[in-house]
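Undergrad: Please see the structure below; I have some questions.
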Amino acid sequence: MRVTLDHARDLDRQDPLAGFKQHFALPEGVLYLDGNSLGAQPGAARDAVAATLDQWRDELIKGWNQGWFDAPERLGNKLAPLVGAGEGEVVVTDNITLNLFKLLGYLTGQRTDGRRVVLSEGGNFPTDGYIAQGFCRLTDHEHRVLPEGADLAAHLDGVAVVVLSEVNYRTGRRRDMADTTRLVHAHGAEVVWDLAHSAGALPVALHDSGARYAVGCTYKYLNGGPGAPGFLYVRRDSQGEGWQPLSGWHGHAAPFAFDADYAPAANITRFRTGTHSALAYSALEASLAMWADVDMPALREKSLALTELFRECLADVLADYGIEDITPAAEARGSQVSLVDTEHGYAIVQALIARGVIGDYREPGLLRFGFTPLYLSHEDVWQAARHFREVVEGGEYRDPRFSVRAAVT
């Protein structure tokens, strides 16, 4: 490899974020490059969940008045600075799919101009399109798809709401949030941003970009745990415009009055639905406590350094074996490297996993490697590239066992 191990170690000695790795419970012998699917476990999460279990045992139902009930708003305020939002503008609740449905109903319910089109983007993670289709079938709106790579401006006629990802889950390409938000608003439509692959991966600037609505998850770069709750952002001046369609009792203006009729809360709380898991929230809160000490510009700088290091280490072997690097340029990149090998991609990833290098495969032929700056070192990345080189150059991926498809890949 053109980059030496000594150079990678020197970069680690200069890394201002190096100390965060000790806060994670990482398996011995594993190089984890799949944090863009599921983040690693913060060491504090186990104790936090255990403490909540003890609270449940000792306090029983009293726990709801000891921090459980207001966790969605409390955690939302802790998460808000990571996405460029203010206090009272983020609520941690449900998941991306349900939160998108809420915002689609909330936004289309405000339209009085006859626009009835919901636009989702082709090539995006499909759940956004799925829920848009389901919403439109239920409400008699029209669902359209923006073809991947198409000119957005040419597809905004008649559109009420467009759902866009800031970072594409396949390519890692990052949209310019500010420019895109201005474009959509100028065409009389509203945009809901999906932050699944940007929250915790890079600085997000919701307020500064003019965005009014967004959703995201906490189990990827934010390390909240498998199935950790999602979050929803509504700018403060846009919170009192009507009902969201999943009008559960936790979103009621007075949930414990038990009124027969629904009245939405006046603030971000109106986007809550029903009872949440105190156990899941405790694990996420432990992670967010750590995130409070993270310098986001430094995180971005390290993210780009790690992705570039991986690509530089592999540039010659990728060229020699016809593996395409579709990773965007730094200014338009999330925090992942995306490679394409339609013939051997799955087997290469499985061979790497067998060596303890955990990456990710998506059809057709896409090898995804997520770079999470808080628990990956430059040496980790160098070693992962070394394994990749050995798997490919040694033909290790040709072993038949690496072509057997798992139920979950």
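Undergrad: If you scan the range 296-318, which residues turn out to be more than 22 Å from Y169 (Cβ to Cβ) and in contact with a strand residue (DSSP E or B) (Cβ under 9 Å, 6 or more places away or on another chain)?
TA: A315
Undergrad: Only one of K62, K78 is closer than 30 Å to D295 by Cα, modelled with pLDDT of 95 or more and among the basic types (K, R); which?
TA: Matching residue, one of K62, K78: K78.
Undergrad: Moving on. Restricting attention to the range 23-54, and to residues there that are of a type in the set (S, T, Y) and not in a strand (DSSP E or B), which single residue is farthest from L288 (Cα to Cα)?
TA: The selected residue is S37.
Undergrad: Please list, ordered by residue number, the strands (runs of 3 or more DSSP E) wholly in the range 305-371 having 1 or more residues that are under 17 Å from W382 (Cα atoms).
TA: Where strands (runs of 3 or more DSSP E) fall fully within the range 305-371 and carry at least 1 residues being under 17 Å from W382 (Cα atoms), they are 336-340, 366-370.
Undergrad: Tell me, which residue of the range 1-11 that is part of a loop (DSSP other than H, G, I, E, B) and not hydrophobic (A, V, I, L, M, F, W, C) is most open to solvent (accessible area, probe 1.4 Å)?
TA: R2
Undergrad: Being open to solvent by 60 Å² or more (accessible area, probe 1.4 Å) and either over 16 Å from G274 (Cα atoms) or touching a strand residue (DSSP E or B) at 6+ places or on another chain (Cβ under 6 Å) (or both) is the filter here; which residues of the range 213-249 pass it?
TA: Y219, P226, G227, R236, D237, E241, W243
Undergrad: The conditions are (1) out of contact with any Asp or Glu (no Cβ under 7 Å at 6 or more places or on another chain); (2) farther than 18 Å from L374 by Cβ; (3) surrounded by 16 or more Cβ atoms within 10 Å (Cβ to Cβ), and E331 fails exactly one of them. Which is it?
TA: Unmet for E331, out of (1) out of contact with any Asp or Glu (no Cβ under 7 Å at 6 or more places or on another chain); (2) farther than 18 Å from L374 by Cβ; (3) surrounded by 16 or more Cβ atoms within 10 Å (Cβ to Cβ): (3).
Undergrad: Next question, about the same structure. What residue, among those in the range 12-53 that are among the polar types (S, T, N, Q) and open to solvent by less than 20 Å² (accessible area, probe 1.4 Å), is farthest from M296 (Cα to Cα)?
TA: Checked the range 12-53; the qualifying residue farthest from M296 (Cα to Cα) is T52.
Undergrad: With (1) surrounded by fewer than 18 Cβ atoms within 10 Å (Cβ to Cβ); (2) under 23 Å from R170 (Cα atoms) as the list, and D293 as the residue in question, which single condition is left unmet?
TA: The single condition D293 does not satisfy is (2).
Undergrad: I would also like to ask the following. Have a look at T171, T180 and point out the one that is among the β-branched types (V, I, T) and in a loop (DSSP other than H, G, I, E, B).
TA: Selected residue: T171, the only one of T171, T180 that is among the β-branched types (V, I, T) and in a loop (DSSP other than H, G, I, E, B).
Undergrad: Restricting to the range 79-107, name every residue that is out of contact with any Pro (no Cβ under 6 Å at 6 or more places or on another chain), buried (at least 20 other Cβ atoms within 10 Å of the Cβ) and among the β-branched types (V, I, T).
TA: Result: V83, V90, I96.
Undergrad: Now a separate question. Keeping to the range 108-129, report how many residues are under 18 Å from L195 (Cβ atoms) and open to solvent by 10 Å² or more (accessible area, probe 1.4 Å).
TA: 7
The values are calculated or read from the model by the stated rules, or taken from the named source; none is laboratory data. Here the structure is a predicted model, which means the values were calculated and not measured. Positions of Cβ are generated from backbone atoms using ideal geometry, with glycine treated the same way; all protein chains shown enter the neighbour counts. Please note that ligands, DNA and RNA were not included when accessible areas were found on the heavy atoms of the full protein model with its side chains. Shrake-Rupley method; radii C 1.70, N 1.55, O 1.52, S 1.80 Å.
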